[in-house]
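The values are calculated or read from the model by the stated rules, or taken from the named source; none is laboratory data. This one's a predicted model, so the numbers in the text were calculated from it and none came from an experiment. Backbone-built Cβ (ideal geometry, glycine too); neighbour counts: all protein chains shown. Heads up: the accessible areas ignore ligands, DNA and RNA and are worked out on the full protein's heavy atoms, side chains in. Shrake-Rupley method; radii C 1.70, N 1.55, O 1.52, S 1.80 Å.
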Amino acid sequence: MQNFDVVILGAGAAGLFCAGVAGRRGLKVLLLDHSEKVAEKIRISGGGRANFTNRDIDVRQPHKHFVGENPNFCRSALSRYTPADFIALMQKHGIPFHEKHKGQLFCDRSAGDLIDMLLAECAAGGVTRWQPCGVQALRTTAEGGYELDTGRGTVQARQVVIATGGLSIPAIGATDFGHRIARQFKLRTIEPRPGLVPLTFDGAAWAPYAELAGLALPVLIETGDKKTRTVFAEDLLFTHRGLSGPGVLQISSYWKPGTPIRINLAPDVDLPAALADAKQRSRKLLVNELAQWVPARLADAWVAQDKEWQRPVAECSDRALARLAERLARWELVPTGTEGYKKAEVTLGGVDTRELSQQTMEATKQPGLYFIGEVVDVTGWLGGYNFQWAWASAHACAMGLQP
Ligand SMILES: Cc1cc2nc3c(=O)[nH]c(=O)nc-3n(C[C@H](O)[C@H](O)[C@H](O)COP(=O)(O)OP(=O)(O)OC[C@H]3O[C@@H](n4cnc5c(N)ncnc54)[C@H](O)[C@@H]3O)c2cc1C
């Protein structure tokens with residue numbers, strides 16, 4: 001039977017990086033993945049260019065960009081392996097990249113560069129990689145190590161790292177394996193749910209807006225009550241079934257089913273003042289005035305909702321204009337759900353951080369068993385935060401493994 005210092009399950013972002021770092025430390029590493037292709041999620045990320053980190057991460061205040069029962073859990077790993085560290089690795093490999101906006105860094109050419117770099121690091125660390133290779137069973141041995149029944153026979157290791165990710169995009173290999181292993185070892189998990197996901201609305205109620213599908217505009221979008229209010233200034237995209245775009249994906253990670261979201265569709269203008277001014281000076285239809293501040297298609301759909309808005313602005317009552325301004329600046333709606341794991345970029349919830357050491361990611365009740373990356377109840381904002389968590393948690397784990 002083959003013996004390893006560590007078996008890492010899942011050759012995605014976290015697993016590949018952990019394998020490379022552990023291998024370079026001199027550990028004998030086996031990396032397994034049930035998929036034929038390596039790191040498919042990296043390949044499709046960031047529109048094919050992988051938004052691989054974010055310069056704006058505030059490691060002292062991780063709750064600003066990370067969601068979970070205890071967002072501060074990730075402070076230790078994030079502060080010991082920072083965006084600058086990953087950037088230095090990219091530079092060492094000569095991979096060109098650029099900043100888009102809000103600190104988001106993308107590969108210039110393609111996400112394939114990033115995958116090649118991770119594979120090169122694994123090769124430099126002498127990592128053995130079996131792919132495709134599933135795992136049927138994981139059990140402890142009398143000596144305090146682990147035994148795994150894999151598609152290529154039974155192997156033994158003193159340590160096992162679970163890097164099998166979340167449930168998003170099952171079509172490219174996502175499974176609940178990590179959550180099942182956590183339960184097998186009686187570790188608590190936080191109920192998973194889709195995050196960074198488009199929101200959907202009741203078909204009949206959405207009908208007037210469905211014709212806006214494809215329209216994008218900058219908005220302020222918020223959810224929560226006075227205490228939990230979270231706001232994003234980002235683009236919103238109308239779809240046939242609801243709303244998407246960066247603003248909606250961000251807010252979806254904070255949205256609680258049954259509660260409303262509120263959207264300011266004209267965040268850059270003082271609408272009550274602008275409409276009052278238009279009423280004084282303009283002979284145009286209200287819809288034409290409105291089209292200065294919001295896209296014309298949205299203006300058309302909006303005034304269609306009320307007869308009093310379908311006339312020259314000078315003839316509109318002050319009350320009708322105030323109602324229009326209020327409804328555009330505070331459009332409140334209750335999503336019926338989300339597009340689910342098929343479209344979600346991440347999975348919220350996962351292995352409860354109270355079960356893990358923030359220094360090494362080892363399960364405190366189960367020595368030698370580690371969880372890293374998205375399988376853990378740490379979820380980042382859109383914008384490179386999830387990959388940085390994958391790198392940082394993988395690094396903390398790789399440095400904590402026993403040689
Ligand atoms: C469309 C899309 C775009 C994204 N874009 C970005 C972005 O630009 N920036 C960013 O920061 N984040 C992005 N993300 C999120 C990011 O991809 C994930 O957070 C990150 O990949 C998580 O890394 P991970 O290693 O934990 O899991 P993954 O990368 O998902 O890797 C898990 C691996 O485990 C394997 N596996 C699963 N189950 C088993 C099993 N039973 N046996 C063996 N192997 C198994 C899978 O095949 C997979 O290779 C995006 C996600 C999606 C879906």
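Figures for the structure shown
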quantity	calculated
Yes/no for residue 248 being closer than 25 Å to residue 325 by Cα and assigned to a helix (DSSP H, G or I)	yes
Residue that is nearest to residue 196 (Cα to Cα) [pool: residues in region 73-99 that are open to solvent by 80 Å² or more (accessible area, probe 1.4 Å) and either without any contact (Cβ under 8 Å) to a residue 40 or more places away in the chain or under 17 Å from the mean Cα position of the chain (by Cα) (or both)]	91
Hits in region 297-312 (condition: open to solvent by less than 60 Å² (accessible area, probe 1.4 Å) and closer than 21 Å to residue 209 by Cα)	298, 299, 301, 302, 303, 306, 309
Meets criteria (open to solvent by less than 10 Å² (accessible area, probe 1.4 Å), away from the ligand (no atom under 16 Å from the Cβ), closer than 30 Å to residue 9 by Cα and not small (Gly, Ala, Ser)) for residue 355	yes
Restricting region 38-72 to residues that are farther than 15 Å from residue 393 by Cβ and without any contact (Cβ under 8 Å) to a residue 24 or more places away in the chain, the residue that is nearest to the ligand (Cβ to nearest atom)	47
Residue 184 being open to solvent by 20 Å² or more (accessible area, probe 1.4 Å) and of a type outside the set (Gly, Ala, Ser)	yes
Single condition residue 387 does not satisfy, out of (1) of a type outside the set (D, E, K, R); (2) assigned to a helix (DSSP H, G or I); (3) over 13 Å from the mean Cα position of the chain (by Cα); (4) under 23 Å from residue 71 (Cβ atoms)	(3)
Residues being touching a strand residue (DSSP E or B) at 6+ places or on another chain (Cβ under 8 Å) and either surrounded by fewer than 16 Cβ atoms within 10 Å (Cβ to Cβ) or under 20 Å from residue 248 (Cα atoms) (or both) - total across region 313-333	6
Pair list, Cβ under 8 Å, 6 or more apart: region 218-232 residue surrounded by fewer than 16 Cβ atoms within 10 Å (Cβ to Cβ), other residue assigned to a strand (DSSP E or B) and of a type in the set (Ser, Thr, Tyr)	229/223; 230/223
